[in-house]
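Below you'll find the structure, written out as structure tokens, and then a few comments.
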Amino acid sequence: MTVPLPVFVAIPLVMAFFLPLCGDRFKRLATFLANVAVLILLVLAITTIGKSCSYKVGRWPIPLGINMVLDGLSCLLLLTISVVSTAAMLFSTRYMEQYTAKSKYLSLFMLMLAGMNGVVLSGDIFNVFVFLEIASIASYALVGFGCEHEQLEASFKYAVLGSVASSLILFAIGLVYGNTGTLNMAYISQAIETRGLNHGLTFALAMFITGFGLKAALVPFHAWLPDAHPAAPAPISAMLSGVLIKALGVYVLVRLLFNVFGISETISWVLIVLGVLSMVVGVFLAVGQWDFKRLLAYHSISQMGYVVLGIGLGAMILVRKGDITWAALAILGGLFHLVNHAVFKSLLFLTSGSIEMATGTRQLKQLGGLSTVMPLTRANCAIASAAIAGVPPFNGFWSKLILVIAAVGSGFYTLAAVTVIVSLVTLISFLKVHRYIFLGELPDNLRQCRENKGTMFVAMALLAVLCLTMGALVLVPSLKAGILDPAVAVLIDRFEYSAKLLAGSK
Amino acid sequence: MPYALCFLLFIIGLLCAVVKKNMVKIIIGLAIMEYAVNLFLIMLGYRAGGTAPIISPTDINPEGALVPEFTLSSVDPLPQALVLTSIVIGLGTLALMVSICIRTYEKYGTFDITQIRRLQG
Amino acid sequence: MKGMTVIVKTVSSWTKVLIFLFGIYIVLFGHLTPGGGFAGGVILACSYVLLLLAYGREFAEKNLSLGTASKLDCAGSLLFAAIALTGFLYGSASFFYNFIQQEYLAGHNTAFKLVSAGIIPLANIAIGLKVGASLFMIVILLSAFRPEMSGREKE
């Protein structure tokens, strides 16, 4: 008996409008209820592993009504969103005591979570847009939550660029409706498969890539990310960098390009070029940063380049009718790196929040020698840095290895070389972070800092344990077949998505 | 042809949001962009000489089904539902951006974005 | 925010009631004529905004305080969620299912009457309540902007 899909959206929405009623007098009750709600969502997401179904909202049949679809790719992203949001919510029980209006923070967090779950589960393209907007508007408000100078400036910049992206996406949705006459993704893909792309649909495709590239912070469109992610409170940075740019940007782009529009050689080249540019530009701009969270934000851009490169590589191999195992391996590398990056990047942002709460600063030059006073945070940060740099046996190593093997096996030797070089530069920049924050002399003004224990440590430890053990997802065959292979199969089979959906509804 | 004019309005809004230096004018540029997209969506459903898609008792024949002249002469109601949703979303975004603008004015004392530049690098 | 002259205050105290009634009409007849929840909610909020403009901010806040508006807002959304989730009582695959129309009124021909179309009027009422309260809160909070506060934090 599968769980009905709308509960993934209904539970956060009901919580979001119930928590402000608790107000400031019942703050502890509100926080407790929020944590319970996020844990329930995690349990429900785990029960959806291996199932795929379609849910007709209101019992309206598909071309008339909206449906919610669960398949392998949606399940993978649901799990990622649930895990990261559980950790972020646990962390924010103590971290957000520094701010006033905690019940409004919890309500906005729940709205963002509802929006992301809705984007991942929706089967209708305009419904995707509505949930995308819910999540985006909640995140604009959360970035500027502290109302300090930099936070307001960053929030305004993010809001303007995000609105431009949303308008482009809506324009493209209008073009798609005008050319195909339906809004359901399965029906659109069927129409495109039979009739092919005309000028309007190609223009819509270009606008989709621009709009979703802006949301996912790929390189020509990355200008908002280095300002928005450092300015947000630490658990929100973890959510933004860990899941928002993936669920709103990469997931919808991949779903549209593979299952709805169909890939071609030009699109594969565009993906590969965007991926390589993001990787290289992100990492070289990150090495020179002296603000810890800004450095992490630039690394987010670089790691998203890995994901897009992996998927573009798989698309290119499929289009050229090469060996399907290499294409499956490339896409597997890209999707696994997406999940890994969610885990280790959010752990890094949570450790930066812990450091900031204890010492009051994020500038690398003012920190130093914290390994004596904050050993637990140092351990967590070391685990996450090793994971992002690709040190075995942490999870980052496995996904980068799979990407390099796929690139070499299908003949793209320059791409493999670029991947390895970017990994080395990532390692260099994290060695710099460690040397400046944890090793060296402890400055006098930081001698009174104490370690952050309690729920903050539990949240960070949860993610650290996942970093250590997630290599098992590719090494243990049953886990791989259960969780990762269905996601890859959805993308490789391309138009099978619409065929299965339409056959199941008759 | 009307679609090209819609796109021109979109480009004007985008230009205004990118070029202007006053925060309030940037917000107005974004609003123009959103309304251009709404206009484009409405025009998609248009049918020359069509009627409003509201069913009245004369449009139903005795079995309860819809009379064919109605579907042949009414405009498409689906884009109208899309635009209603889009207007509400635009309202929410606009309210949020205006409140950010007000708070920024309280902190910095100016609406000029060239002077609100604490974030570098 | 100060109020306006006596003429404006007197006339607006008559018209605000008519505007409120018009807003209720648009919300209730949303399934028969154009309008519905959102448009009706905006008109409901407009009647309170008229009160704000004519009488000043303190009087408007005494009439409908911000705390009450916030609670009405949440209540509207929770009512909408309750209507949608009640569909689950009628079997699977029925989130937001129009249970009143399909289960109870299926045989009757109730087209074009006020009491018809199942849960749609109830959803309209919930949305109208929420939108009215939210827009009133937005206008009151944004009208608290005072230009003389700008010189506080110049660097």
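Taken together, the values in this text are just the output of simple stated rules run on the coordinates, not laboratory data. Everything quoted here is computed from the prediction, not taken from an experiment. For neighbour counting, all protein chains shown are included, and Cβ atoms are generated from backbone atoms with ideal geometry for every residue, glycine included.
Once a ≥ b ≥ c are taken as the square roots of the eigenvalues of the Cα gyration tensor of region C:6-146, is the result rounded (a/c under 1.5), prolate (a/b larger than b/c) or oblate (a/b not larger than b/c)?
Details: a/c = 3.99, a/b = 1.92, b/c = 2.08.
Oblate.
How well do other chains shield peptide A:142-151, expressed as the mean number of their Cβ atoms within 10 Å of each residue Cβ?
On the way: counts 0, 1, 5, 0, 0, 5, 3, 9, 4, 4.
So the per-residue partner count for this stretch is 3.
For region C:45-50, just list the computed ³J(HN,Hα) in residue order, Karplus coefficients 6.51, -1.76 and 1.60, θ = phi - 60°, integers in Hz, with x standing in for Gly and Pro.
With coefficients 6.51, -1.76 and 1.60, one gets 5, 4, 5, 6, 5, 4 Hz.
Can you give the charge dipole size of chain B about its Cα centre, rounded to the nearest 20 debye, using +1 on the beta carbon of Lys and Arg and -1 on the beta carbon of Asp and Glu?
1020 debye
Only Lys, Arg, Asp and Glu count, each charged at its Cβ (+1, +1, -1, -1), so figure out the dipole size of region A:49-185 about its Cα centre, rounded to 20 debye. Present the calculation step by step, with values, prior to reporting the outcome.
Numbers: 7 positive and 7 negative charges, 83 e Å.
I would put it at about 400 debye.
How many partner chain Cβ atoms sit within 10 Å of a residue's Cβ in peptide B:4-15, on average, as a whole number?
Mean shielding by partner chains, rounded to a whole number: 1.
Highest mean first, what order results for B:89-96, A:66-73 on Cβ atoms within 10 Å?
Numbers: B:89-96: 19.6, A:66-73: 22.6.
Highest-to-lowest ranking by the protection proxy: A:66-73, B:89-96.
Just name one of A:V474, A:N127, A:M357: the one whose Cα is farthest towards the positive end of the charge dipole of the protein assembly as shown (beta-carbon charges, Lys/Arg +1, Asp/Glu -1).
Final value for the positive-end residue is A:M357.
Could you tell me which residue out of A:V287, A:L271, C:F112 lies farthest along the dipole of the protein assembly as shown toward its positive end? Charges go on the beta carbon: Lys and Arg +1, Asp and Glu -1, centred on the Cα centre.
It is A:V287, whose Cα lies furthest towards the positive end.
Cα gyration tensor of region A:266-475, axes a ≥ b ≥ c as square roots of the eigenvalues: rounded (a/c below 1.5), prolate (a/b > b/c) or oblate?
Values: a/c = 2.92, a/b = 2.04, b/c = 1.43.
It is prolate, given that a/c is not under 1.5 and a/b is the larger ratio.
Pull out a ≥ b ≥ c, the square roots of the eigenvalues of the alpha-carbon gyration tensor of the protein assembly as shown, then state rounded if a/c is under 1.5, prolate if not and a/b is larger than b/c, and oblate in the remaining case. Don't skip to the answer; put the middle values down first.
Numbers: a/c = 1.69, a/b = 1.22, b/c = 1.39.
Taking the square roots of the gyration eigenvalues as a ≥ b ≥ c, the protein assembly as shown is oblate.
Quick check: Cα centre of region A:84-104 to Cα centre of region B:47-84, how many Å?
What the calculation gives is 50 Å, centre to centre.
Can you tell which of C:A39, C:P121, C:L66 lies farthest toward the positive end of the dipole of region C:6-146, using +1 and -1 charges on the Cβ of basic and acidic side chains (Lys, Arg; Asp, Glu)?
Selected residue: C:L66.
Within straight cross-link reach of A:K102, meaning Cα distance under 16 Å, which lysines are found once same-chain residues fewer than 8 apart are removed?
Straight-line reach from A:K102, under 16 Å: A:K27.
Where the centroid of each part is defined by its Cα atoms, how far is region A:272-290 from region A:179-232 in Å?
Taking the Cα centre of each part, region A:272-290 and region A:179-232 sit 22 Å apart.
Given +1 on the Cβ of Lys and Arg, -1 on the Cβ of Asp and Glu, and no further charges, what dipole in debye does the protein assembly as shown carry about its Cα centre, rounded to the nearest 20?
On the way: 51 positive and 34 negative charges, 266 e Å.
Charge dipole of the protein assembly as shown: 1280 debye, to the nearest 20.
By per-residue mean of other Cβ atoms within 10 Å, what is the highest-first order of A:185-192, C:138-145, A:250-257, A:335-342? List each step's numbers first, then the result.
Values: A:185-192: 21.9, C:138-145: 15.2, A:250-257: 24.2, A:335-342: 26.9.
For the peptides A:185-192, C:138-145, A:250-257, A:335-342, the packing ranking is A:335-342, A:250-257, A:185-192, C:138-145.
Count the net charge of all other residues whose Cβ sits under 11 Å from the Cβ of C:L50, scoring Lys and Arg as +1 and Asp and Glu as -1.
Combined, the nearby Lys, Arg, Asp and Glu give +2.
Can you give the angle from 0 to 90° between the axis of helix A:102-121 and the longest principal axis of chain A, with both taken from C-alpha atoms, to the nearest 10?
30 degrees
Rounded to the nearest 10 degrees, what's the angle between the helix A:27-47 long axis and the longest principal axis of chain A, both from Cα atoms, 0 to 90?
40 degrees
Can you pull the mean other chain C-beta count within 10 Å for peptide B:37-47? Kindly include the intermediate steps, with their values, before the conclusion.
Details: counts 9, 3, 1, 5, 8, 1, 2, 6, 2, 0, 0.
Counting Cβ atoms of other protein chains within 10 Å of each residue's Cβ and averaging gives 3.
Between helix A:199-216 and chain A, what is the angle of the helix's C-alpha long axis to the longest principal axis, kept within 0 to 90° and rounded to the nearest 10?
So the inclination is approximately 20 degrees.
Averaging sequence separations of C-alpha pairs under 8 Å and six or more residues apart, then dividing by the length of region A:266-475, give the relative contact order as a whole percent.
Details: 314 pairs, mean separation 53.4, N = 210.
Result for region A:266-475 is 25 percent.
I need the peptides A:272-281, A:33-42 ranked by packing, meaning the mean over residues of other C-beta atoms within 10 angstrom, with the highest value on top.
Values: A:272-281: 21.5, A:33-42: 18.4.
By packing density, highest mean first, the sequence is A:272-281, A:33-42.
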